[in-house]
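The values are calculated or read from the model by the stated rules, or taken from the named source; none is laboratory data. All figures in this text were calculated on a predicted structure; none of them were measured in a lab. A quick note on method: Cβ atoms are made from the backbone with ideal geometry, for glycine too, and the neighbour counts reach across all protein chains shown.
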């Protein structure tokens, strides 16, 4: 054979050169891909471009949620203050009138008639007008002598005494840096409270009805509702029992507010809410001709007049 007569060194050198030439010419000793035309060389295979993973952005996702979300949604993520306005709805057999507002735009304050029931403002409208408020609703319960049934704080001044016994004072509206509703056992007397009102009983707690409420005496009711953050409402029911009102509120009749807490105020002939024409849906007054004077009111004042 030819290889037998060729020196081994020359054979190795020639084999190396041949391999180098094949590499430079792009030839491949392997078989062409199945289905590809045979041209003597391997076809060029185009590899797909690598897909880089998209980096998640929490801020971008949150912004997208806010842009796609109803600005009046009651979601805790909502950064949009709720526009104040009147809502009239029915839940079951209970007709409800609400004044919705946001505590980032409005302040709740107490107005107490420390000289007695017959003095000063005889209606919610008069109380609002006397303080430059855009709305007012009757406040807490009082004794036959006209004294507050529980503690009242008006602009830091204490009126009446703390009541730890009656169900009509089991809840507290406390206004410190921001307003909140809480059980009376959770309020601390040393807290820097500017306004406070004892009232009760609770109608809604933790998004649920409160058990063992009375199912007798259908009468006008005044109340407060809260979503646990910044959204609130003054509310009036035309005629309901405490249990019936609790069930009506637990049905979540307001798309703008998820009612997590609701507190009963004085009712019956004391129930009285007035809203200024400056509020969308106003003016309204729920006062009846048989209403009687009350001891105090909750007022709504614009944060920036």
Test result for residue 264, closer than 21 Å to residue 197 by Cβ and out of contact with any strand residue (DSSP E or B) (no Cβ under 8 Å at 6 or more places or on another chain):
no
On the basis of being in contact with a strand residue (DSSP E or B) (Cβ under 9 Å, 6 or more places away or on another chain), modelled with pLDDT under 95 and closer than 20 Å to residue 227 by Cβ, does residue 207 make the cut?
yes
Among strands (runs of 3 or more DSSP E) entirely inside the range 198-284, those with 2 or more residues being crowded, with 16+ Cβ neighbours inside 10 Å and under 23 Å from the mean Cα position of the chain (by Cα) are 202-205, 219-226, 231-240, 261-264
When only residues in the range 95-116 that are over 17 Å from the mean Cα position of the chain (by Cα) and part of a loop (DSSP other than H, G, I, E, B) count, which is nearest to residue 246 (Cα to Cα)?
113
Exception for residue 292 within (1) part of a strand (DSSP E or B); (2) surrounded by fewer than 22 Cβ atoms within 10 Å (Cβ to Cβ); (3) in contact (Cβ under 8 Å) with a residue 12 or more places away in the chain falls at (1)
Among the numbered conditions (1) assigned to a loop (DSSP other than H, G, I, E, B); (2) in contact with a helix residue (DSSP H, G or I) (Cβ under 6 Å, 6 or more places away or on another chain); (3) within 14 Å of residue 298 (Cα to Cα), tell me where residue 150 comes up short.
(3)
For the range 100-127, name all the residues that are at pLDDT 95 or above and surrounded by fewer than 16 Cβ atoms within 10 Å (Cβ to Cβ).
104, 105, 126
Kindly indicate whether any position in the range 128-140 is surrounded by fewer than 21 Cβ atoms within 10 Å (Cβ to Cβ), farther than 21 Å from residue 280 by Cα and in contact (Cβ under 8 Å) with a residue 40 or more places away in the chain.
no
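Check the range 156-169 and report whether any residue there is under 26 Å from the mean Cα position of the chain (by Cα), at negative phi and at pLDDT below 95. Steps first, answer last, please.
Of all residues in the range 156-169, those under 26 Å from the mean Cα position of the chain (by Cα) come to 169.
Retained after the next criterion (residues that are at negative phi): 169.
Within this subset, residues satisfying the condition of being at pLDDT below 95 are none.
No, the range 156-169 contains no residue that is under 26 Å from the mean Cα position of the chain (by Cα), at negative phi and at pLDDT below 95.
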Return a yes/no flag: does the range 60-72 have any residue that is modelled with pLDDT under 95, part of a loop (DSSP other than H, G, I, E, B), at negative phi and crowded, with 19+ Cβ neighbours inside 10 Å.
no
